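Notes for the one structure printed next.
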Amino acid sequence: MVPPGTQVILGAIFVSQIIDRRLNGKNKSAVNRQRFIRRFKNKIKRAVSDAIAGRSITDIEKGEHVRIPEKDISEPSFHHGSGGTTENIHPGNKEFTAGDRVRRPKSQSGKGGKKASNSGEGEDEFIFELSRDEFLQFFFEDLALPDLIKTKLAKLETEKTVRAGYATSGIPANINVIRSLKGAMGRRIALQSPYKKKLKKKEKELQAELKRFGEYEPHIIALKNEICVLKKKVHAIPYIDEFDLRYNNRIKQNLPTTQAVMFCLMDVSGSMDQEKKEISKRFFMLLYLFLNRNYEKIELVFIRHHTIAMEVDEENFFYSRETGGTVVSSALELMHDIITERYPENDWNIYAAQASDGDNWNDDSPLCRELLTNTIMPLVQYYAYIEITTDVHQNLWHEYLNIKSKYENFVMQRIEGIADIYPVFRSLFKKKKV
Amino acid sequence: MKRKPLSITSEWTFDLIKEYDREISRIAESYNLETYPNQIEVISTEQMMDAYSSVGMPVGYHHWSFGKQFLSTEKNYRRGRMGLAYEIVINSNPCIAYLMEENTMTMQALVIAHACYGHNSFFKSNYLFQSWTNADAIIDYLLFAKNYVTHCEERYGEEAVELTLDSCHALMNYGVDRYQHPYRLSLVKEEARQKEREAYLQLQINELWRKTIPATEKENSDINKKRYPEEPQENLLYFIEKNAPLLEPWQREIVRIVRKIAQYFYPQRQTQVMNEGWATFWHYTILNRLYEEGQVTDGFMIEFLQAHTNVIDQPAFDEPHYSGINPYALGFTMMSDIRRICENPTEEDKRWFPDLHNTDWVKSLDFAMRNFKDESFIAQYLSPKVIRDLKLFSVLDDDTQSELEITAIHDDRGYQNIREQLSNQYNLGNREPNIQVYSVNRRGDRSLTLRHYQHNRRPLGDSTFDVMRHVSRLWGFTVRMETEHSNGNIEISHEIEIAP
């Protein structure tokens, strides 16, 4: 043991430093995290694709649990495989004595209980959380969106700066000259007027006295002095003071958002297989995402049709299958009915998106054109039609071309892969109606 | 004499931490614990997760594998599957220890005693750390490494750097000198020498291969030529750094960085039981002393003992959460046992430890801490009493037999056997396959041959091919692995061909 005296000295030398690091950045690992995501981009992308299939359209803006097979991302190292002879020590013996023979436990046969640290715990999936932004990134990538659009969509709120009167503080560039000078003038008038009044009075008095007395009479000199002081006082009021400065005030205002309704129309006749439906789903999702930026409240209406149309919920919309022919006009009629009944055009911004494989009963197509041109197009903000097919165009396409020439806000596009979806929206993004 | 306790609630403040640290430091000095100065840093949970995922390096270069680590730590923590470790401590001078802000005062005191005086003194005095690591320079070196890697990323692209790092990481465990001493690190020298080395190395490599461009006919007296390298080389990364024909100078430097870091962590891998045992023994001893002095309350002690008991919990082999021997439990039991043997030896102890009984326990324990690593520590100090207390037994698994055999238990016949087996189990040389650089074909296809010296017929694991692919990426020519079987037969077990 050390004698007490030395303890004190030692203690003085080795004073521990205590540092509060809590305020330092906590995202030291952010770069490494990004590297990880970049590295396994393709695998994560696949996981995201699967996730999109499982998501509802309105559910697009959340993070996501991503699962990747553990073996795809493992870091290899030289280590022992199972086999050969190993001898290991374990604790907690109860009934064994030397020379006992016991059956190999099934779960780790051959491993002999080796605590191989590099073999993990037999977990075969690596699961982690993708943030909302990262998720959208992957979603956009699929759709081949231009960067500008990506940022527009990823931004949560749109704001506008508006003038809001004047403020007493700000940057020099924002000084409002007229307002400031007005203020200064008012202040000068207010502060100078008592002296000026007095001054006038004294000056009058002086004039009167001067007529009666000589210039060097003591009381005249006193009067003159008084006038001098008053003049100084009037002058001492500054022409402009910091106090007078007024700045243009600008505040950020959330854009006036209103409500919108989005009609999703889809052909569910036998020829629309699950893959085509998945493509349609991306198409509807993107439109939803866009509308979500601009409108506070969006209602979704799902209309599926074969020969007759029906309003359904999302689940039924994407996953139930029907057979039979196709009559597109039935859906358009239903849509029109719903609009007149529930969504008066004065209160609602109406958007419609239609997905189909192009099949339609031939006699029905002219009817569709008529319906759209005369009754629906005047009501809606935007109508997008996609045809998911690789076959030759049919009747419906040609009829729709007609509409396109009449209405600017009608777009149509043939789609073979997911990347073809974006052009449909190009004009929509360009206009960016508010 | 009862004193007023340092604190009575579980809330901590910076002043309280200072006071506890002063008292703990006083007690540690009374036991002659030599330490580096401490730098105690209070951090938040998120920061703890950051520290966790950079495998204890306070500054580290960027790599996706750390990101992966972070994501899984984060996920496990968020789901409540895992509590974060109470502490992380870094072998540096000053010795950096992290305290989490969520901890109670009791836990902070426990961590201070455990990390700042336990681990710290181990880092400072154990022979492995003294000869293999340089605590003064490590932070500087890590900083140098980080800057260098960033610099390379800017110049040669993130992806190229990442691929090189991947390959180096795969060989990290084979980047250590097990027997030679490494050079000391110093930032200034390191930076100056790096430039010099870069130029010189390339020159040397060029020279080596220029002279050995396959000669047409003149020199076919190869038969008498010596093998290169003359002796098998255990440090794969070192060999690659110095000899790989196609590596760019910056890639050699990266190989070197990974190798140096592997070397720095090597002693920690060799002294897990001792290091944790030592730190646990001292937090236990120091906090008990605080209690005896009346500086801490009963409530403090109950909370502390509960945490302590959790730390040294050793589930039996047949319990569901058993995952091998807990180094804290084994280490703590052995350290406490040495003290017991010194103070109250039994007849048995006198037979087994003639040098130990009736010595000053502080001195004997200090000697044990300084001069051993796990393997030799267990071989020297595992006593029959510890074997009995933990009820250790030895299981032989031979894949030619249908059943396992119990070869030894905690009885007179078994003690020696168990001691040897357990010591072997902590020999890193036995844990990892013995793989060395065997030869390079300098005059022909420039291929590199590694040799796996098989022990007890244990084969290589299934990721061997993947690792070989990394070796071939670094080497640039054909690489192959020969396996020398226990019976002396040699066969080529893995080969990755690249046309010269």
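The values are calculated or read from the model by the stated rules, or taken from the named source; none is laboratory data. Just so it is clear, the structure is predicted and the values come from calculations on it, not from any experiment. With ideal geometry, Cβ positions are generated from the backbone for all residues, glycine too; neighbour counts draw on all protein chains shown. For accessibility, only protein heavy atoms count, side chains too; no ligands or nucleic acids. Shrake-Rupley method; radii C 1.70, N 1.55, O 1.52, S 1.80 Å.
Cβ-Cβ contacts under 8 Å between residues 6 or more apart (or on different chains), taken from a first residue in segment B:4-16 that is of a type in the set (D, E, K, R) to a second residue that is in a helix (DSSP H, G or I), are listed as B:GLU11/B:MET105. Of all the criteria given as (1) outside any strand (DSSP E or B); (2) closer than 26 Å to B:LYS242 by Cα; (3) facing chain A (nearest Cβ under 8 Å), the one not satisfied by B:GLN421 is (2). Beta carbons closer than 8 Å, at least 6 apart along the sequence or on distinct chains, pair a first residue in segment A:244-259 that is of a type in the set (A, V, I, L, M, F, W, C) with a second that is exposed (fewer than 14 other Cβ atoms within 10 Å of the Cβ) and at pLDDT below 75 for A:LEU255/A:THR158; A:LEU255/A:GLU159; A:LEU255/A:LYS160; A:LEU255/A:VAL434.
Exactly one residue out of B:SER376, B:SER402 is hydroxyl-bearing (Ser, Thr, Tyr), within 11 Å of chain A (Cβ to nearest Cβ) and surrounded by fewer than 18 Cβ atoms within 10 Å (Cβ to Cβ): that is B:SER402. As a summary of the residue check, B:GLN421 satisfies the conditions (1) without any contact (Cβ under 8 Å) to a residue 12 or more places away in the chain; (2) more than 18 Å from B:CYS168 (Cβ to Cβ); (3) open to solvent by less than 40 Å² (accessible area, probe 1.4 Å) except for the one numbered (1).
Answer yes or no as to whether A:LYS43 is surrounded by 15 or more Cβ atoms within 10 Å (Cβ to Cβ), part of a loop (DSSP other than H, G, I, E, B) and either modelled with pLDDT under 85 or within 9 Å of another protein chain (Cβ to nearest Cβ) (or both). I'd like the intermediate steps shown before the answer.
Working: surrounded by 15 or more Cβ atoms within 10 Å (Cβ to Cβ): yes; part of a loop (DSSP other than H, G, I, E, B): no; either modelled with pLDDT under 85 or within 9 Å of another protein chain (Cβ to nearest Cβ) (or both): yes.
Criteria not met by A:LYS43.
Results for (1) part of a loop (DSSP other than H, G, I, E, B); (2) at pLDDT 90 or above; (3) over 30 Å from B:ILE378 (Cα atoms), shown as yes or no for each residue.
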{"residue": "B:ILE213", "(1), (2), (3)": "yes, no, yes"}
{"residue": "B:LYS218", "(1), (2), (3)": "yes, no, yes"}
{"residue": "B:ILE223", "(1), (2), (3)": "no, no, yes"}
{"residue": "B:PRO229", "(1), (2), (3)": "yes, no, yes"}
{"residue": "B:TYR238", "(1), (2), (3)": "no, yes, yes"}
{"residue": "B:GLN251", "(1), (2), (3)": "no, yes, yes"}
{"residue": "B:ARG256", "(1), (2), (3)": "no, yes, yes"}
{"residue": "B:GLN268", "(1), (2), (3)": "no, yes, no"}
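Among all residues of segment B:346-366, there is none that is in a loop (DSSP other than H, G, I, E, B), in contact with a His (Cβ under 7 Å, 6 or more places away or on another chain) and within 14 Å of chain A (Cβ to nearest Cβ). A count restricted to segment A:288-311 and to residues that are open to solvent by less than 60 Å² (accessible area, probe 1.4 Å) and within 19 Å of A:ASP357 (Cβ to Cβ) stands at 6.
With respect to (1) within 24 Å of A:LYS94 (Cβ to Cβ); (2) touching a residue at least 24 places away in the same chain (Cβ under 8 Å), the lone exception for B:ILE406 is condition (2).
Can we say B:LEU110 is more than 11 Å from every other protein chain (Cβ to nearest Cβ) and in a helix (DSSP H, G or I)? The answer is yes for B:LEU110.
Selection of segment B:395-418 for residues being within 25 Å of A:HIS79 (Cα to Cα) and part of a helix (DSSP H, G or I) yields only B:ILE418. Selection of segment B:308-326 for residues being away from every other protein chain (no Cβ under 12 Å) and surrounded by fewer than 16 Cβ atoms within 10 Å (Cβ to Cβ) yields B:THR309, B:ASN310. Among the residues that make up segment B:465-472, is at least one of them open to solvent by 30 Å² or more (accessible area, probe 1.4 Å), of a type outside the set (Phe, Trp, Tyr) and not in a helix (DSSP H, G or I)? No, because not a single residue in segment B:465-472 is open to solvent by 30 Å² or more (accessible area, probe 1.4 Å), of a type outside the set (Phe, Trp, Tyr) and not in a helix (DSSP H, G or I). Within the set B:GLU154, B:GLU198, B:GLU191, the sole residue that is at pLDDT 90 or above, within 23 Å of B:HIS62 (Cβ to Cβ) and surrounded by fewer than 18 Cβ atoms within 10 Å (Cβ to Cβ) turns out to be B:GLU154.
Residues checked against (1) over 25 Å from A:SER74 (Cβ atoms); (2) facing chain A (nearest Cβ under 7 Å); (3) among the β-branched types (Val, Ile, Thr):
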residue	(1), (2), (3)
B:ILE24	yes, no, yes
B:THR45	yes, no, yes
B:MET49	no, no, no
B:TYR61	no, no, no
B:PHE66	no, yes, no
B:LEU71	no, yes, no
B:GLU87	yes, no, no
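Say whether the condition of being open to solvent by less than 40 Å² (accessible area, probe 1.4 Å) and over 27 Å from the mean Cα position of the chain (by Cα) is met by at least one residue in segment B:382-391. So far as segment B:382-391 goes, yes, one or more of its residues are open to solvent by less than 40 Å² (accessible area, probe 1.4 Å) and over 27 Å from the mean Cα position of the chain (by Cα).
Do we find that A:ARG321 is open to solvent by 50 Å² or more (accessible area, probe 1.4 Å) and not in a helix (DSSP H, G or I) in this structure? Explain how you work it out, then say what you get.
Values: open to solvent by 50 Å² or more (accessible area, probe 1.4 Å): yes; not in a helix (DSSP H, G or I): yes.
Here the answer is yes, as A:ARG321 does meet what is asked.
Run down A:GLU333, A:GLU341, A:GLU275 and say which single residue is open to solvent by 10 Å² or more (accessible area, probe 1.4 Å), in a helix (DSSP H, G or I) and more than 28 Å from A:LYS406 (Cβ to Cβ).
Values: A:GLU333 fails: more than 28 Å from A:LYS406 (Cβ to Cβ); A:GLU341 fails: more than 28 Å from A:LYS406 (Cβ to Cβ).
The conditions single out A:GLU275.
Residue count for segment B:424-445, restricted to those that are assigned to a loop (DSSP other than H, G, I, E, B), crowded, with 21+ Cβ neighbours inside 10 Å and touching a residue at least 60 places away in the same chain (Cβ under 8 Å): 1. Scanning segment A:352-410 for residues that are in contact (Cβ under 8 Å) with a residue 60 or more places away in the chain and among the charged types (D, E, K, R), we see that the one that is most open to solvent (accessible area, probe 1.4 Å) is A:ASP359. Taken together, B:GLU46, B:GLU23 contain a single residue that is within 25 Å of the chain's Cα centre (by Cα) and either at pLDDT below 95 or of a type outside the set (Phe, Trp, Tyr) (or both), which is B:GLU46.
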